[in-house]
Amino acid sequence: MINHLERIAFLDGQILTDVHLNKMQKNIAESLKDKTTRERYDMLMLVSPYNYYTYDSFIDESKKDNLSTAKLDNLRYMISEDEWIAKIVELPEQSEEAYILSDYEKDQNNESSIDFYYRISEGNEWTKVEADTPIYMPRTSYFQLKIHCRYEGSTRPAVYDYAVMFK
């Protein structure tokens, strides 16, 4: 019978314990989530009329604005409450059209919803938009996204990732 708590020794002399394995598993899981998210949006962009995109796979908080109140679930790599505010991004070229794609779950029967907002500078007000619908905006070189997760009942919404494509 294998003892799952025994230490594992590698040829280089490094000894791994269950804590190290958990860290390795976390790193592998984050890498897989980021890679599959990027590849999915890469493929979608190939068949779309858009030229470039920005995305977030929610594996860490590096793309999160300081004013954001959302909590990242580090086990499921998602957000389920409050507001995720992405850092403002500078686009490689000016754009007049954007398109938000997102992998999310909501349950309006149990008052669980997700709202998307954008603005083109920090001084502007947030404009509510729908995912999977073109956004026509003033010509801009900057874009910021906010995702608001609300729930009243027992079912929380879940946002696993997003991409904003631009023309």
Problem set entry | Relative pair counts by distance (%), Cα atoms of segment 80-167, 5 Å bins | 3, 14, 25, 23, 16, 10, 6, 2, 0
Exercise. Could you give the dipole magnitude of segment 8-166 about its Cα centre, charging the beta-carbon of Lys and Arg +1 and that of Asp and Glu -1, in debye to the nearest 20?
Worked result: 220
For this session: Describe numerically, in nm with one decimal, the distance between label points set 7 Å from Cα along Cα→Cβ at MET24 and at GLU93.
Result: 4.6
Seminar exercise, completed: From the cross-link list LYS26/LYS106; LYS71/LYS106; LYS106/LYS128; LYS23/LYS106; LYS106/LYS167, the entries with a Cα-Cα span beyond 20 Å are LYS26/LYS106; LYS23/LYS106; LYS106/LYS167
Exercise. In what sequence do VAL164, VAL89, VAL47 fall when counting other Cβ within 10 Å, fewest first?
Worked result: VAL47, VAL89, VAL164
Exercise. Once the other residues with Cβ under 13 Å from the Cβ of THR69 are scored (Lys, Arg +1; Asp, Glu -1), what is the net sum?
Worked result: -1
Exercise. Once amide H atoms are built 1.01 Å from N in the peptide plane, which residues 5 or more positions from ASP65, or in another chain, come under 5 Å H to H?
Worked result: ILE85, ALA86, LYS87
For this session: Enumerate the calculated ³J(HN,Hα) couplings along segment 67-83 in order (Karplus 6.51 cos²θ - 1.76 cosθ + 1.60, θ = phi - 60°), each rounded to whole Hz, writing x wherever the residue is Gly or Pro.
Result: 7, 5, 10, 5, 9, 8, 7, 6, 8, 10, 6, 7, 10, 9, 7, 6, 10
For this session: Please state, to two decimals, what the Cα-based radius of gyration of segment 8-166 comes to when divided by 2.2 N^0.38 Å (N = residues).
Result: 1.20
Exercise. Could you give me the ³J(HN,Hα) list for segment 129-141, computed from phi with Karplus coefficients 6.51, -1.76, 1.60 and θ = phi - 60°, whole Hz, x at Gly and Pro?
Worked result: 9, 9, 6, 6, 9, x, 10, 9, 9, x, 4, 8, 10
Exercise. Once amide H atoms are built 1.01 Å from N in the peptide plane, which residues 5 or more positions from ASP161, or in another chain, come under 5 Å H to H?
Worked result: ASP103
Exercise. What ranking do 155-163, 54-62, 136-144 get when scored by the average of other Cβ atoms within 10 Å per residue, highest first?
Worked result: 155-163, 54-62, 136-144
Exercise. Relative to the first principal axis of the alpha-carbon coordinates of the chain, what is the inclination of helix 18-46, with its axis defined by its Cα atoms, in degrees from 0 to 90 and to the nearest 10?
Worked result: 30
Problem set entry | Karplus 3J(HN,Hα) series, Hz, for segment 160-165 with 6.51 cos²θ - 1.76 cosθ + 1.60 (x for Gly, Pro) | 8, 5, 8, 9, 10, 9
For this session: Show the residues, 5+ positions off or on another chain, whose built amide H is closer than 5 Å to the amide H of MET78.
Result: ASP73
Exercise. So for the pair MET43, LYS128, with labels modelled 7 Å out along Cα→Cβ, what separation do we get in nm?
Worked result: 3.4
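Here, each number is a calculation from the coordinates, and none is a lab measurement. The structure displayed is predicted, hence computed values, not measured ones. So basically every Cβ, Gly included, is an ideal-geometry build from the backbone, and we count neighbours across all protein chains shown.
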